[in-house]
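Have a look at the structure below before the remarks.
What follows draws every value from the coordinates through simple rules; no lab data is involved. Just so we're clear, the structure is a prediction, and the values are computed from it rather than from any experiment. In this analysis, Cβ positions are derived from the backbone assuming ideal geometry, glycine residues included, and neighbour counts consider all displayed protein chains.
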Amino acid sequence: MKKIALLLATCLISVVAFAQDFPYGEPDNDALNMKHYDKDTSAHALVLNEHGLAKIVVTNADDVNLIFEYHAKIKFFDDKEFERYGTVEIPIYSSDGMTYEKLNSVKAITYYKDDNGNTQRAELDPKKNL
């Protein structure tokens, strides 16, 4: 089991070396002011950035955890695709009443311009959505 974990960890390290994360929680004024996507003016939403990271953490000989972190920045031009791209479903594996996975935390921030053109920030309340 340790050899498999070591092999997977080595593979992940090589993948992580090429990954480019981006700052969480910082508003992007260019994206906020974007009215449409020039390459597809009929687009209702655009994924600006997306980053995922998986890592294996071995706490003892019998406990190996796979930790997955996902980070995305999406620009919505209208509400037509909000249900499709603005709703994130995180499936948790369970079988025969036993839960094999758990969700530790979810964070999300929405930035938008109000009627006066001021940038507003709304954070997801994790207690209401887990």
7 Å from Cα along Cα→Cβ at both ALA54 and ILE90: what's the point-to-point distance in nm? 1.7
Packing-based ranking, highest mean first, of 93-102, 71-80, 29-38 given that Cβ atoms within 10 Å are counted: 71-80, 29-38, 93-102
Treat each spin label as a single point 7 Å out from the Cα along the C-beta direction, and report the ASN116 to PHE76 distance in nm. 2.3
If you take the beta carbon distance between LEU32 and PHE68 as r and set R0 to 35 Å, what does 1/(1 + (r/R0)^6) give as a FRET efficiency, to the nearest 0.05? 0.75
Relative contact order of region 17-127: what whole-number percent is it, with Cα pairs under 8 angstrom and at least 6 residues apart? 20
Apply the a/c threshold of 1.5 to the C-alpha gyration tensor of region 43-130 and tell me whether it is rounded, prolate or oblate. prolate
Cα centroid separation, region 32-60 to region 61-92 (Å): 10
Between ILE74 and residues 5 or more places away or on another chain, the pairs with built amide H atoms under 5 Å apart involve LEU48
Go ahead and run the numbers for FRET between TYR100 and VAL47, Cβ-Cβ distance against an R0 of 30 Å, rounding to 0.05. 0.50
Hand me the GluC sites (Glu not before Pro) from region 40-87 located in a DSSP loop with no more than 16 other Cβ atoms within 10 Å, in residue order please. GLU81
